[in-house]
Every structure is written in C-alpha cells, then in structure tokens.
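Encoded as structure tokens, the structure appears first; notes follow it.
The values are calculated or read from the model by the stated rules, or taken from the named source; none is laboratory data. Treat the numbers as computed from the prediction; the structure is a model and nothing was measured. Here the Cβ positions follow ideal geometry from the backbone for every residue, glycine too, while neighbour counts run over all protein chains shown. Side chains are part of the model used for accessible areas, which takes the heavy atoms of the whole protein and leaves out ligands, DNA and RNA. Shrake-Rupley method; radii C 1.70, N 1.55, O 1.52, S 1.80 Å.
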Amino acid sequence: MSRFFDLVSKPAREMGGFLPSPLPRRSSLDTQPRIIKLDSNENPFGPSPRAVEAMQLALAAANSYPDDDCSELRRKLAAYHDVPTEQVLVTAGSTALLGLLCQTMLAPGLNAVTSERSFIVYAMAVHAVGAQLIEAPMQEDGFDLDAILEAINEDTRVVFLANPNNPTGTMLDAEAVDKFIAEVPGHVVVVLDEAYYEFASHFAVRRKVEYSGSLKYLRQGASVVVLRTFSKAHGLAGLRVGYGLGPAELLAYCARMRDTFSVSTVAQAAAVAALDDMNHVGRVVSNNVEQAQILGVGLSELGYRVVPTAANFLYCDVSGDASGFAERLRGEGVSVRPLGGWGAPNCIRVSIGTPEQNQIFLSAARKVGGAT
Ligand SMILES: Cc1ncc(COP(=O)(O)O)c(C=O)c1O
C-alpha cells in the first residue's frame with residue numbers, strides 16, 4: 001500500500017514529471033565512444049573560452065554563498081538591453097522563472113493559455129501550482145494566435161508564447177506579435193519565451209523578416225515578460241542561468257518567491273563573461289544557419305518532411321513510428337527526441353550539431369530510416 005499518496009498535494013499526485021534525454025550521462029572516465037546527443041537543443045561547441053576561464057576563477061570562492069541579487073549580471077544585462085536594472089530578474093535557467101511566474105500569478109481556479117505542441121515545462125509549471133493549462137490548436141505547425149486569443153477567459157492570468165516554438169521551430173514575426181499584444185486583455189501577462197533568440201534573429205536577418213519586437217512592448221508598458229537564457233547560444237545549459245525582462249513590480253513579486261541563492265557564483269561569473277564574447281555566439285549561430293540548410297536538405301532527400309526552423313533544431317516528420325526510429329538511431333550512436341509525448345508520434349526533433357555530428361546523424365538516418 002502506498003504510504004504517501006494521501007499525504008502529498010494534489011498536483012504532486014497528478015503530475016507526470018519531466019522525461020529527460022533517455023541516455024545516462026557517461027562519466028569522463030568511461031572509455032566507450034560517446035553518443036552524439038542531438039536530443040536537447042544544446043550548443044555543440046560548448047561555452048566561450050572566456051566563460052570557462054571565469055568559471056575556473058570563481059571556483060576558488062565556492063566557500064561563500066552567491067550574490068543572491070546577481071547584481072553584476074543584472075547590471076550588465078540591463079545595460080546590454082537598455083532597460084532599468086529593476087526590469088531584469090536572473091534565475092536558475094529560464095525554466096525557473098516560468099515556475100516563479102506561475103507561483104506568482106496562478107492558483108487553483110485560474111488558468112494559463114498556450115498552444116498545443118509547445119514547450120513541455122509550461123504544463124509542468126502550471127500544474128505544479130494546481131492551475132489549469134489551456135492548449136489552443138495549432139495551424140499547421142505554427143501557433144494560431146486567434147485561437148490562443150479565443151481561449152483566454154476571465155480566469156486566465158498568463159499566456160505562454162515560445163518564439164521560436166519548441167519543438168516545431170516555427171517563428172512568429174513582429175507584425176503578428178504586435179497585433180496579438182494589442183488584443184490581449186489587461187488581466188493577462190504575456191510571457192514571450194525567447195530561449196532561441198540569438199538563432200531566430202540571425203535567421204530573420206537572412207530571410208529578411210522582422211523577428212521579435214519584445215523589448216518594445218516592455219518599453220511601451222505592456223504586461224509582457226521576455227525570457228532569455230544562457231543555455232542555448234551561450235552554451236551554458238549545465239550551469240542553469242537565464243533571465244526575464246519585465247515590469248519592475250511584477251518581477252519584484254516573482255523575486256519574493258525565489259529560492260535563496262539559487263544562481264551559483266560560478267554560473268553568474270560564466271554569464272557575465274559570456275556576454276563579453278559575442279564572437280563566440282556569432283560563430284555558433286553562423287554554423288547553425290548553414291547546418292540547418294544541410295540537415296534539412298539531407299532529411300528531405302530521405303523523403304521526410306522538415307519544417308523550416310528559426311531555432312537550433314529541426315522538427316521532422318519521418319512518416320512512421322518516430323519512437324522506433326529514434327531507438328534505432330541510438331543503436332547507431334545518435335540520440336534525437338521522438339515527439340509522441342507532444343501528440344506527434346511520427347515526428348522527431350533533432351538538434352543541429354557540428355558539421356561532423358550532422359553527417360554522422362544523416363548517415364545513421366539513411367541506414368535505419370527505411371524501416372519506419
Ligand atoms: C522554449 C524554451 N524555453 C525555455 C527553455 C529552457 O531554458 P533554460 O535552460 O534557461 O531553463 C527551453 C529549453 O529547451 C526551451 O525550449
């Protein structure tokens with residue numbers, strides 16, 4: 001008989017939890033060949049050498065608690081984005097801020113709205129506080145902003161828009177978001193989740209479209225929180241550091257809900273140094289744009305449908321059981337994400353790797369793909 005089932009809270013009983021990459025991490029002493037991890041949209045080039053150096057220096061201060069306010073990093077981000085420091089909140093990854101926003105804005109009886117097939121953490125953060133997540137239908141593989149607007153009701157407090165979306169990689173242009181923000185009712189905060197901002201803005205320039213105007217909404221006084229992260233283009237996913245740019249009053253409420261000392265000294269030092277190495281980000285996003293094209297063509301030649309991406313991964317319909325496909329790929333030493341859990345059992349999400357990793361992935365897909 002279960003000992004704690006009746007004792008834990010309803011959300012804890014009912015939540016499914018996060019399914020991380022299926023692969024156990026190998027220790028550095030392991031002599032087996034490393035699996036090529038294209039399943040979590042990580043940066044295949046790692047952090048900037050400047051960030052690595054800053055981390056090494058910060059290690060010697062590991063006996064002291066971190067600066068809870070992340071003062072230096074906040075100041076630097078405020079200057080970088082040209083907003084007041086009070087409009088910046090640094091958290092242990094941007095997912096931590098998703099949780100804080102839900103704790104701050106939601107409760108049982110209230111809801112948040114997003115799209116179907118979007119970032120899995122929205123559901124987790126909303127359900128953890130006993131609130132409801134309403135998922136509006138998609139239009140093809142992108143957001144249907146009219147359907148999202150229609151889904152908003154008087155109990156809605158938050159809308160999550162991942163731009164670009166994970167896992168479909170689709171991007172909303174500035175005109176669509178302008179119109180959306182103008183129509184959202186006043187009792188709703190719009191979270192513009194721009195975890196892939198650096199990739200999307202690079203693609204947008206190439207494609208001559210206008211990407212996010214998110215900071216403009218903030219400056220105009222709209223109820224928006226813009227999420228950015230050091231996990232992707234900066235290659236610091238393992239350190240857990242991200243941030244939000246939003247109305248000072250709302251961020252101050254979120255800050256009250258924070259775990260104390262949640263962003264480590266090492267993470268803060270790395271992020272400060274990473275901001276000084278935009279050349280590193282430039283190299284990462286250039287590789288991504290070139291390799292997105294090569295991977296896209298390679299997958300299309302295998303007969304798969306690939307959705308044009310604005311991020312560092314591709315959403316691909318392998319026209320068959322994607323979970324079996326992913327398992328066979330793992331047998332060839334490559335890990336990708338099958339998307340059955342997102343309601344897309346024929347689709348995978350594959351992160352864009354280095355040129356070499358992508359060639360290995362394409363050869364493996366060629367080898368195992370016929371059986372889907
Ligand atoms: C849309 C989206 N938002 C946020 C995150 C999480 O970022 P962080 O590592 O800063 O928590 C991810 C990571 O995959 C993501 O896809």
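Roughly speaking, what is the centre-to-centre gap between the stretch 270-294 and the stretch 80-137 when only Cα atoms are used, to the nearest Å? Using only Cα atoms, the two centres lie 27 Å from each other. Tell me whether the stretch 248-288 comes out rounded, prolate or oblate; compute the Cα gyration tensor, take square roots of the eigenvalues as a ≥ b ≥ c, and use a/c under 1.5 as the rounded threshold. Cα axes put the stretch 248-288 in the prolate bin.
Using heavy atoms of the protein chains and a probe of 1.4 Å, the accessible area assigned to residue 10 is about 120 Å².
Here the Gaussian network model covers the chain, with springs between Cα atoms less than 10 Å apart; of 65, 211, 196, 65 fluctuates the most.
Converting the Cα gyration tensor eigenvalues of the stretch 49-277 into ellipsoid dimensions via √(5λ) gives semi-axes, longest first, of 29, 20, 16 Å. Springs join every pair of Cα atoms under 10 Å in this Gaussian network model of the chain, and among 280, 187, 202 the largest mean-square fluctuation is at 187. Using heavy atoms of the protein chains and a probe of 1.4 Å, the accessible area assigned to residue 36 is about 30 Å². The accessible-area ordering, largest first, of the residues 198, 332, 140 stands as 140, 332, 198, per a 1.4 angstrom probe.
For the chain, modelled as a GNM whose springs connect Cα atoms under 10 angstrom apart, the maximal fluctuation among 82, 39, 173 occurs at 82. Along the axis of the charge dipole computed for the chain (Cβ charges of +1 for Lys and Arg, -1 for Asp and Glu, origin at the Cα centre), the listed residues 273, 163, 319 are led at the positive end by 273. Each Lys and Arg contributes +1 and each Asp and Glu -1, all at the Cβ; summed about the Cα centre of the stretch 153-211, the dipole is approximately 260 debye.
Between 353, 288, 118, the Cα set farthest toward the positive side of the dipole of the chain (charges on each charged residue's Cβ, about the Cα centre) is that of 353. Residue pairs exceeding 30 angstrom between C-alpha atoms, taken from 37/76; 10/179; 208/367; 179/232; 208/232: 37/76; 10/179; 208/367. Accessible surface of residue 360, taken over heavy atoms with a 1.4 Å probe and every protein chain present, rounds to 70 Å².
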